[in-house]
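Data block below; observations after.
The values are calculated or read from the model by the stated rules, or taken from the named source; none is laboratory data. None of the values given here were measured: they were computed from a predicted structure. Here the Cβ positions follow ideal geometry from the backbone for every residue, glycine too, while neighbour counts run over all protein chains shown. Heads up: the accessible areas ignore ligands, DNA and RNA and are worked out on the full protein's heavy atoms, side chains in. Shrake-Rupley method; radii C 1.70, N 1.55, O 1.52, S 1.80 Å.
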Amino acid sequence: MSAVFESALKQSIETTRHNLRALEEFPESFQQGAWKPIEKERAAGHWVDGFWTGLLWLAYAHTGDPSLRAGAERWTNKLAHMKTSTGTHDLGFIFYLSHVLAGRLTNDAAWFDNAMEAAYTLIKRYNPRGEYLQAWDDDGIRKWAGRTNIDLMMNLALLYWASDRAGDAEPADIATQHARASRLALVRGDGSTAHVADFDPDSGLLIRREQYQGYSHDSCWSRGQAWALYGFATCYRHTGIPAFLTTAGALADYTIRHLPADLVPFWDYNSPHIPDTYRDSSAAAVTVCGLLELAAVDSKNAPRWTEFAKRILDSLCENYLIRNAGGPSSLLRDGARSVPANLMEHGLIYGDYYFLEALTAFTRPDIYRRALDVQIVPVEASE
Ligand code: GLY
């Protein structure tokens, strides 16, 4: 396997060790030489927190190092209290990359109990009229009961996992209904995605599509596109429903058609300011993992998806990896949390997690399979 990936992996694990020694709060963005939590006033338990535990668990799986395992356990335990939190749609991100990975990588099924409870908490956000999982809650000013978003597709893996383990179809059925509704509401005919769908929560009818993190309501926010690609491929893997495979393929094609020369997306594929605007390295990292998930279930096109995944990862290693950090650092530079909110040019913990997931797929497919239950298509198939 590529010496570039082996060296990036080594360096990523080294930096993760530095971060483990230094961090006192769950990290979100790396700016001006330091990790920052997402917002000071929030208690532990935010959508980004599972990415830090996911990094620790993968680093442990690569090394077998007991100190990385102890760190992964300590930070995973800090998230347990979220299992009954009905106020977030992101329990999938949080528990899949903490407790589910923990159970799989330690062979200790006790970790699964909290993840199972979290899955049943998450499905309380299901609106059976619109057949979607609600993204946000009313905040006293705005009414959010009708909103769902494309990011939520990434929370469905927890529901499929829970159904498989519990032998209860309900979480998986809700995941599948949500994916169907998202496909109709958020995926456009050209294979691009909108960020948010606004339904009438009483009738379940779609009112409009919106964009909060992208350039405009008609544009395509690149990280949202990557969440969708990965999420629909996961749904196909669990259900075999052909429409999910077609959709994931269309999303991948759109992505590939819109990548710039260095294959790392700008923050919105349709920003009129390209090329004089910001990259989002996190969108690139999620796209690599989404393409690999798609390759695993789409044997006909697998060589193409795997080849693009490899080329994007090569570019991240060559142009965006922070080399020889020698202390706490993000792995990647140039993430864009939200350009409309003026939060860009940072390292991002989710970009880092998916970067390590992607490196794991290419360097240690056995670990990737054990952690994520996905069989990577050998890259030789595309060479
Ligand atoms: N899930 C929120 C984001 O991608 O920014």
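Of the residues in segment 108-119, how many are within 14 Å of TRP161 (Cα to Cα) and either assigned to a loop (DSSP other than H, G, I, E, B) or open to solvent by less than 40 Å² (accessible area, probe 1.4 Å) (or both)? Talk me through it step by step, then tell me what you get.
Applying the first criterion (within 14 Å of TRP161 (Cα to Cα)) to segment 108-119 yields 109, 111-119.
Keeping just the survivors that are either assigned to a loop (DSSP other than H, G, I, E, B) or open to solvent by less than 40 Å² (accessible area, probe 1.4 Å) (or both) gives 111-112, 114-116, 118-119.
So the answer is 7.
Which members of segment 212-232 meet the condition of being within 15 Å of TYR254 (Cα to Cα) and either in a helix (DSSP H, G or I) or open to solvent by 50 Å² or more (accessible area, probe 1.4 Å) (or both)? Don't jump to the end; show me each part of the working.
The first filter runs over segment 212-232 and keeps only residues within 15 Å of TYR254 (Cα to Cα), leaving 218-230, 232.
Residues satisfying the conditions are ASP218, SER222, ARG223, GLY224, GLN225, ALA226, TRP227, ALA228, LEU229, TYR230, PHE232.
Only one of ASP113, ASP108, ASP137, ASP164 is out of contact with any strand residue (DSSP E or B) (no Cβ under 8 Å at 6 or more places or on another chain) and within 16 Å of the ligand (Cβ to nearest atom); which?
Details: ASP113 fails: within 16 Å of the ligand (Cβ to nearest atom); ASP108 fails: within 16 Å of the ligand (Cβ to nearest atom); ASP164 fails: within 16 Å of the ligand (Cβ to nearest atom).
Just one listed residue meets the conditions, ASP137.
Given the condition open to solvent by 10 Å² or more (accessible area, probe 1.4 Å), within 12 Å of the ligand (Cβ to nearest atom) and assigned to a strand (DSSP E or B), answer yes or no: does some residue in segment 329-341 qualify? It would help to see each step written out before you state the result.
Pass one, segment 329-341, residues open to solvent by 10 Å² or more (accessible area, probe 1.4 Å): 333-334, 337-341.
Still in the list and also within 12 Å of the ligand (Cβ to nearest atom): 337-341.
With assigned to a strand (DSSP E or B) added as a condition, the list becomes 337-338.
Checking segment 329-341: at least one residue is open to solvent by 10 Å² or more (accessible area, probe 1.4 Å), within 12 Å of the ligand (Cβ to nearest atom) and assigned to a strand (DSSP E or B).
Suppose we keep only residues that are part of a loop (DSSP other than H, G, I, E, B) and not aliphatic (A, V, I, L, M) within segment 352-383. Which one would you say is modelled with the lowest pLDDT? Break it down stepwise before answering.
Step one: filter segment 352-383 for residues part of a loop (DSSP other than H, G, I, E, B), giving 364, 373-378, 383.
Now restrict to residues that are not aliphatic (A, V, I, L, M): 364, 373, 375, 378, 383.
On the way: ARG364: 96, ASP373: 92, GLN375: 82, PRO378: 63, GLU383: 40.
Per the stated criteria, the residue is GLU383.
In segment 61-78, what count of residues is obtained for those that are closer than 17 Å to LEU9 by Cα and open to solvent by 50 Å² or more (accessible area, probe 1.4 Å)? Break it down stepwise before answering.
At the first step, the residues of segment 61-78 found to be closer than 17 Å to LEU9 by Cα are 61-65, 68.
Among the residues that remain, those that are also open to solvent by 50 Å² or more (accessible area, probe 1.4 Å) are: 63.
Residues in segment 61-78 being closer than 17 Å to LEU9 by Cα and open to solvent by 50 Å² or more (accessible area, probe 1.4 Å): 1 in total.
Might you check whether a residue that is in contact with a strand residue (DSSP E or B) (Cβ under 9 Å, 6 or more places away or on another chain) and within 16 Å of the ligand (Cβ to nearest atom) occurs anywhere in segment 307-318? Can you show your working first?
Step one: of segment 307-318, the residues in contact with a strand residue (DSSP E or B) (Cβ under 9 Å, 6 or more places away or on another chain) are 316.
Now drop any that are not within 16 Å of the ligand (Cβ to nearest atom), which leaves none.
There is no residue in segment 307-318 that is in contact with a strand residue (DSSP E or B) (Cβ under 9 Å, 6 or more places away or on another chain) and within 16 Å of the ligand (Cβ to nearest atom).
Give the residue, chosen from GLU293, GLU357, that is more than 16 Å from the ligand (Cβ to nearest atom), among the charged types (D, E, K, R) and open to solvent by less than 20 Å² (accessible area, probe 1.4 Å). I'd like the intermediate steps shown before the answer.
Numbers: GLU357 fails: more than 16 Å from the ligand (Cβ to nearest atom).
When all the criteria are applied, what remains is GLU293.
From LEU122, LEU105, LEU56, which residue is among the aliphatic types (A, V, I, L, M), assigned to a helix (DSSP H, G or I), surrounded by fewer than 24 Cβ atoms within 10 Å (Cβ to Cβ) and at pLDDT 95 or above? Before the answer, list the steps.
Details: LEU122 fails: surrounded by fewer than 24 Cβ atoms within 10 Å (Cβ to Cβ); LEU56 fails: surrounded by fewer than 24 Cβ atoms within 10 Å (Cβ to Cβ).
Sole residue among the options that is among the aliphatic types (A, V, I, L, M), assigned to a helix (DSSP H, G or I), surrounded by fewer than 24 Cβ atoms within 10 Å (Cβ to Cβ) and at pLDDT 95 or above: LEU105.
Which residue, of ASP164, ASP151, ASP173, ASP198, is part of a strand (DSSP E or B) and at pLDDT 95 or above?
Numbers: ASP164 fails: part of a strand (DSSP E or B); ASP151 fails: part of a strand (DSSP E or B); ASP173 fails: part of a strand (DSSP E or B).
Every option except ASP198 fails the conditions.
Could you list, in sequence order, all residues of segment 86-105 that are more than 16 Å from the ligand (Cβ to nearest atom) and free of Cβ contacts under 8 Å to residues at least 60 places away in the same chain? Spell out the reasoning first.
Filtering segment 86-105 for residues more than 16 Å from the ligand (Cβ to nearest atom) gives 86, 98-105.
Those that are more than 16 Å from the ligand (Cβ to nearest atom) and free of Cβ contacts under 8 Å to residues at least 60 places away in the same chain: THR86, SER98, HIS99, ALA102, GLY103.
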